[in-house]
Every structure is written in structure tokens, then in C-alpha cells.
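Participant: Okay, here's the structure, questions in a sec.
The values are calculated or read from the model by the stated rules, or taken from the named source; none is laboratory data. Treat the numbers as computed from the prediction; the structure is a model and nothing was measured. Cβ sites come from the backbone with ideal geometry, for glycine too, and all protein chains shown count toward neighbours.
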Amino acid sequence: MSIEEQILAIGKKARAAAVYMAKANTHAKNAALLETAKLIRANKAALTQANQADMAQAQANGLEAALLDRLALSDKAIETMAEGLEQIAQLPDPIGEMTDFKNRPTGIQVGKMRVPLGVIGIIYESRPNVTVDAAGLCIKSGNATILRGGSEAFRCNQALAAIVAQGLEAAGLPADAVQVIDTTDRAAVGTLITMTEYVDVIVPRGGKGLIERISRDAKVPVIKHLDGICHVFIDESANLSHAANIAENAKTHRYGTCNTMETLLVHAHVAKPALAELAQRYAAKGVELRGCKRTMALLPSVKAATEEDWSTEYLAPILSIKVVDSLDEAIAHINQYGSHHTDCIVTENHSHAMRFIREVDSASVMVNASTRFADGFEYGLGAEIGISTDKIHARGPVGLEGLTSQKYVVFGHGETRN
Ligand SMILES: NC(=O)C1=CN([C@@H]2O[C@H](COP(=O)(O)OP(=O)(O)OC[C@H]3O[C@@H](n4cnc5c(N)ncnc54)[C@H](OP(=O)(O)O)[C@@H]3O)[C@@H](O)[C@H]2O)C=CC1
Ligand SMILES: N[C@@H](CCC(=O)OP(=O)(O)O)C(=O)O
């Protein structure tokens, strides 16, 4: 079979499974989640072995440290995946919920019912826990899914696919509700994003290369989950102790995640003390600093930032720094160079905070909190498919509700329209 034929066959099975999933009851969906969690724990040794093989190959291929960190599946990460499924089982089932009923003068009652999207294709980075989080959220929201993880995580993802299939079958649900594409050939992505007959929506999680491909070729509707060029702006009225803690955490908590800060903006009135403190903290953690001319005047060891730096997502211990003269300049910089993912202002000035959250055009806009909080679990969604950088149909961390839609339902008593 050609790759195209293989993916079309997967699509056909997913479409059939979606019909069952849409009407599956909450008990069966939760049973599948809990059984999969049990199987993940029972298969810890096999998962570890598969991950070690993936890690060895990725290391041999020279994958960067932050990306190896993302690929690694420690005992703790395996337990977290299982717990994540148990948490999704605890969440209320969104499907079938009816809301917003109104009695119309004609006698009919008009309301809305929450329904699954159908078949969701997800293309994502080499992070095995995403396979389980995505599978869990799609099961609970009554969708079928086709997963295409990063090639470095191939072995581990295949092992996880087999476990999820067993979990679904044990609960009497179709194993085809979650299928993991079993080739790393990118031709498979080409078919996945064009088979409108079988796929209702594509969620691409990734960087620039993926964006270009999807923008050029996709025929299926897309909810983009793209790169994070995130900023922290230290305002002139910032609490400098909060600013140092936030700017340190936003950069150094995890270097490889999309919600990590890549550019720090500092108001000129507080640049000297703010940067003196932060330079020490970053030096202790080996973060390379690249700055504008005014930053370099304050911190002579800093390298010169180029125009390209302002629009670069490093995913590494590198940070660009710019000194700005006003809130307006900070907002303009973020809207020009950012990726509309997550941006933060550190300020004690309420009107500056309100202007920042109104005028910065990003999926999450924060006041006095680290950009690392942009995460479905941290926002109370239970888990996330990822962070949408699109404005429709979902924006920011996408949980169960983002994987559903609402249809109108109308109840009458024999009424006819005049
Ligand atoms: N907004 C969000 O929720 C998230 C965003 N990200 C972003 O992802 C990026 C980091 O991950 P990284 O692994 O580098 O991302 P990549 O974009 O390189 O890879 C992500 C996935 O897309 C595939 N892919 C990439 N390019 C193409 C292409 N041209 N055609 C078909 N498939 C393609 C990859 O496959 P292959 O294995 O073949 O390379 C992989 O499965 C960062 O920019 C980060 O911000 C990450 C997580 C969440
Ligand atoms: N929500 C995640 C970040 C999003 C994510 O998965 O990022 P990445 O490590 O780039 O795959 C978190 O805060 O851990």
C-alpha cells in the first residue's frame, strides 16, 4: 500500500469510530481512560525501553539538550501520564450538555447542545506525553483522533498507541478511535491535512517549517498551535523583586517549551537595577544574553542582538533584551515581533496593566505572572491539547471544550412558521 492509501484507510476507520464515540456514554469513556492509565503503569518497563531506544537515536543524531528533555520519559513522567488520564476521567463530560434555552414567541424552544468535532488530526512535536494527553482529551470529548507525533518519539508513540487501543477495547469502545500514524514519512502529513472526507479539523503543534507546510497545503480546517515568541515587559512601576523572579522563571524553568520567554523588554527608568539583578541570575544558569545598544551599555558582556533576534524562538538558554522608553513602545514591539502566544507585563500601575491586556494581541496576556503558566492544567482545564495561537475556533490552552462545538436544538409542539 502507498503512504497515501495507508492514511486514507486510517481516515476511513477514524470516521467510522467517530460515529461510535459521539454516542458513547460517560461511563464507557471514563472506563477507557482508567484502563489505559492502569496499562501505562503495568507497561512501565516496555515504555522505558522504547523511550531509551528513541533517546539513544536522538542523541546520536545530535538533538539539542532542551529537545532531549522534552523527549525523555522518566518514571515520574510515566506516572504523570497515568495520573493525567485519571484527572480527565474526573472532569465533567461536556458532550450532550444543553444550554441557553429561550422560549420564542412562536412557541418553540431554542437552545444549544454540545457535540464532538468528529475526527481530529493532531501533528505534534517529539513529546510522548502529548500522545496520551491528546488521546485522553479526544476520548472524553467523544472524538476520534489520528495522531502524528514527532519522528524522534516514534518507538515510544507506537508502544503508547497499542496501550490506548487496549484501553478502548476493554471499555467496549472502538480501538480505531485513537490511531497513531505508523510511519515517520512526512508524505503522511500531506494526506492527513487534505482528506476532508475523513478529517474534520487539524491541530498542528510545531514551529516555522510546519506552519509553512500547513498554510500551503491544508484543505482540512486548522486550529494552529504554533511557536511561542513570548515576552516579559518590566514596566517603570514594576515591583523589581517580582520582576526578577518572573523574568528568571519565564526564561529558565524549561528552555524547550512554547511558553518560555524569548525576549525581555525593560523600561529605561528601571533598566539599570533590573538588569543588574537579572544578569547575575542568568549568568548562574548559563543563559546567553543578546541585547540592544542600551542593554550593552549597562551590561558590557552582552552580545549585540540583530534584527533577526527579535523574531527568534530560541528554545534554548539564550535571551534577547531590549530597553524601551514607554509602554507604547513595548506593546508595539510585542505586536510586531511576537507570535501572539503569551506575553506578560510586570507593573504596579493598574492603568498600564489594563492597557497592556487590551492592546497586546496574544492568546494569553498576563499581569505579574510568569509566561510558563500558559498551560491547560495551570488554567484549570484538567489537561490540554496545546496552546492555540489562532483566534478561531479556540484561543490559548485548548482543553475538552475546545474539542467540541455546539449545535442548535429546537423543541416544538407542532408549530409551523407563518
Ligand atoms: N502552541 C503550542 O501548543 C505548542 C507549540 N510548540 C512549538 O513547536 C516547536 C518545537 O517543536 P519542534 O519539534 O521543533 O517542531 P517541528 O515543527 O519541527 O515539529 C513538530 C511536528 O511537525 C512535524 N513537521 C515539521 N515540519 C513539517 C513539514 N514540513 N511537513 C510535515 N511535518 C512537519 C514534525 O515532524 P518530524 O518529526 O518529521 O520533524 C513534528 O511531528 C516550537 O516552535 C514550539 O513553540 C510546541 C508545543 C506546543
Ligand atoms: N503547556 C506546556 C507547554 C506547551 C508544550 O507542550 O510545549 P513544548 O515543550 O514545546 O512541547 C507546559 O507548560 O508544559
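Participant: Quick one: which helices (runs of 4 or more DSSP H) sit completely within the stretch 37-111 and have at least 3 residues that are free of Cβ contacts under 8 Å to residues at least 24 places away in the same chain?
Facilitator: Because the criterion is at least 3 residues that are free of Cβ contacts under 8 Å to residues at least 24 places away in the same chain, the helices (runs of 4 or more DSSP H) in the stretch 37-111 that meet it are 44-60.
Participant: If we scan the stretch 2-20, do we find a residue that is under 21 Å from Ala316 (Cα atoms) and either among the small types (Gly, Ala, Ser) or away from ligand 1 (no atom under 16 Å from the Cβ) (or both)?
Facilitator: No: zero hits.
Participant: Quick one: how many residues across the stretch 385-415 are within 15 Å of the chain's Cα centre (by Cα) and surrounded by 14 or more Cβ atoms within 10 Å (Cβ to Cβ)?
Facilitator: Selection size over the stretch 385-415: 17.
Participant: Sticking with this one: Suppose we filter Thr295, Thr263 for residues that are in contact with a strand residue (DSSP E or B) (Cβ under 6 Å, 6 or more places away or on another chain), hydroxyl-bearing (Ser, Thr, Tyr) and within 28 Å of Lys224 (Cα to Cα); which single one remains?
Facilitator: Thr263
Participant: Okay, next question. Quick one: is Gly382 over 16 Å from His225 (Cα atoms), at pLDDT below 95 and buried (at least 16 other Cβ atoms within 10 Å of the Cβ)?
Facilitator: The answer is yes for Gly382.
Participant: Of all residues in the stretch 229-267 being away from ligand 2 (no atom under 16 Å from the Cβ) and in a helix (DSSP H, G or I), which is farthest from Thr347 (Cα to Cα)?
Facilitator: Filtering the stretch 229-267 for residues that are away from ligand 2 (no atom under 16 Å from the Cβ) and in a helix (DSSP H, G or I), the one farthest from Thr347 (Cα to Cα) comes out as Glu248.
Participant: Looking at this structure, is Ala134 touching a strand residue (DSSP E or B) at 6+ places or on another chain (Cβ under 8 Å) and over 30 Å from Glu415 (Cβ atoms)?
Facilitator: yes
Participant: While we're on this one: Between a residue in the stretch 173-191 that is without any contact (Cβ under 8 Å) to a residue 60 or more places away in the chain and any residue that is of a type in the set (Phe, Trp, Tyr), which pairs come within a Cβ distance under 7 Å, given they are 6 or more apart or on different chains?
Facilitator: Qualifying pairs under 7 Å: Thr184/Phe154.
Participant: Considering only the stretch 230-273, state which residues are crowded, with 24+ Cβ neighbours inside 10 Å and within 16 Å of ligand 1 (Cβ to nearest atom).
Facilitator: Matches in the stretch 230-273: Cys230, His231, Ala250, Lys251, Cys258, Thr260, Met261, Glu262, Thr263.
Participant: OK, next. Starting from the stretch 199-212, take each residue that is closer than 18 Å to Ser126 by Cβ and list its partners that are within 14 Å of ligand 2 (Cβ to nearest atom) and of a type in the set (Phe, Trp, Tyr), counting only C-beta distances under 9 angstrom and pairs at least six apart or across chains.
Facilitator: Val203/Tyr124; Pro204/Tyr124; Arg205/Tyr124; Gly206/Tyr124
Participant: Can you name every residue in the stretch 127-158 that is more than 16 Å from ligand 2 (Cβ to nearest atom) and under 24 Å from Leu210 (Cβ atoms)?
Facilitator: Selection gives Cys138, Ser141, Asn143, Ala144, Thr145, Ile146, Phe154, Arg155, Gln158.
Participant: Just give me the residues in the stretch 307-341 being part of a helix (DSSP H, G or I), within 22 Å of the chain's Cα centre (by Cα) and of a type in the set (Val, Ile, Thr), in sequence order.
Facilitator: Within the stretch 307-341, Ile334 is the sole residue that qualifies.
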